[in-house]
1. Suppose each label sits 7 Å from its Cα in the direction of the beta carbon; what would the LYS107-GLU215 distance come out to in nanometres?
2. Return one number: the angle in degrees, 0 to 90 and rounded to the nearest 10, between the long axis of the Cα atoms of helix 233-243 and the longest principal axis of the Cα atoms of the chain.
3. Among MET10, ASN130, TRP160, whose Cα lies farthest out toward the positive end of the dipole of the chain, if unit charges sit on the beta carbon of Lys, Arg (+1) and Asp, Glu (-1)?
4. Kindly provide the helix-only [θ] at 222 nm of the chain, computed as the sum of -39,500 (n - 2.57) over DSSP H runs of four or more divided by all residues, to the nearest 500 deg cm²/dmol?
5. Using only the Cα atoms of the stretch 228-282, what semi-axes does the equivalent ellipsoid have when each is the square root of 5 times a gyration tensor eigenvalue? Give whole Å, largest first.
6. Compute the distance in nm between two label points, each set 7 Å from the Cα along the Cα-to-Cβ direction, one at ASP182 and one at ALA91.
7. About its Cα centre, how strong a charge dipole does the chain have in debye, to the nearest 20, once Lys and Arg get +1 and Asp and Glu get -1 at the Cβ?
8. Based on Cα positions only, what radius of gyration and what Dmax would you give for the chain, in angstroms?
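Just so it is clear, none of the values below were taken in a lab; they were calculated from the coordinates. Quick caveat: nothing in here was measured; it's all calculated off a predicted structure. Here the Cβ is made from the backbone with ideal geometry for all residues, glycine too, and neighbour counts use every protein chain on show.
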Amino acid sequence: MNVQWYPGHMTKAKRQMQEDLKLIDLIIELVDARVPLSSRNPDIDRLGQNKSRLILLNKADLADERQNEAWKEYFQGKGFHVVKVDSRNGAGMKNIQNVIQEACKEKIERDRKRGIKNRPVRAMVAGIPNVGKSTFINTFAGKACAKTGNRPGVTKGKQWIRLNKNVELLDTPGILWPKFEDQEVGIRLAFVGSIKDDILNMEELALTLIGYLKEKYPGALNARYEVSEQEEALSVLEGIARVRGCLKKGEELDYAKASGLLFDDFRSGKLGRITLEWAPAE
Ligand code: G4P
């Protein structure tokens with residue numbers, strides 16, 4: 001379900017996040033690999049000071065592999081640990097366990113020096129709505145993992161999922177609020193389906209997406225719809241409507257339907273693996 005954000009919503013999410021952060025060592029932050037910056041909220045960097053950090057490029061299966069690598073390097077360059085994952089089919093999950101140990105090395109060492117043995121790393125998952133938090137928790141934790149009950153000294157009502165003897169995960173993810181101030185960010189989030197479609201002008205968005213694909217992924221539209229990409233975006237949308245028989249009553253073309261179809265295809269990866277935001281060249 002998509003959440004419509006208003007200030008009250010954000011304040012509540014922020015407060016909850018601050019509470020939960022007190023309980024954990026590591027933030028596992030999910031971003032959408034197709035829009036790694038637009039799907040982040042930089043407030044997390046301030047809120048999560050002094051925590052170990054892991055960024056997951058989720059939905060990596062839908063994004064351009066070359067860009068996945070470029071983004072991985074980009075975030076690593078900023079000091080994050082990074083893993084590419086597909087939370088739906090579990091790709092990348094095995095890797096995470098080791099990276100968690102690596103990310104929390106200092107904490108584990110600190111514990112050891114103080115004579116604390118075997119205190120598990122506590123982690124929480126965070127990200128904006130629809131980025132895949134629930135899917136990730138289900139896949140990563142799997143069914144085999146027992147939930148631990150309330151622990152003495154820990155806020156009542158919190159459930160921890162014990163992943164193994166080294167790691168415990170808070171079972172409710174932290175919800176970060178998208179950055180709505182920047183219109184470009186809003187458009188990218190709409191492309192990937194993180195903003196409710198019915199409040200958007202889908203046809204205008206479709207034209208923008210077509211323009212982007214023509215430039216950055218030439219051949220993708222032609223391969224799927226056999227339309228000529230030499231024409232302007234509106235003609236391409238018209239071509240899609242024709243090829244797919246999107247008609248209103250009579251012979252009039254139904255652009256709204258063609259736009260919906262284009263977005264369904266894009267979001268499900270049928271146009272290929274496409275990244276909408278390219279990693280800045282370092
Ligand atoms: P949230 O808790 O962060 O709000 O997100 P959630 O897990 O509900 O996931 C949102 C949508 O993204 C779901 O699709 C989910 O299946 C999909 N998804 C999550 N991770 C991945 C991934 O790594 N790759 C791909 N391709 N998809 C992913 P949906 O269409 O809303 O639901 P469903 O029909 O898949 O159940």
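1. 4.2
2. Tilt of helix 233-243: around 80 degrees.
3. Positive-most Cα among the choices belongs to TRP160.
4. On the way: 11 runs with 116 residues, N = 282.
Roughly -12500 deg cm²/dmol at 222 nm, from the helical runs in the chain.
5. On the way: eigenvalues 152, 35, 14 Å².
Ellipsoid half-lengths, sorted descending, are 28, 13, 8 Å.
6. Between ASP182 and ALA91, the label points sit 2.7 nm apart.
7. Values: 47 positive and 39 negative charges, 486 e Å.
I would put it at about 2340 debye.
8. 21.3, 79
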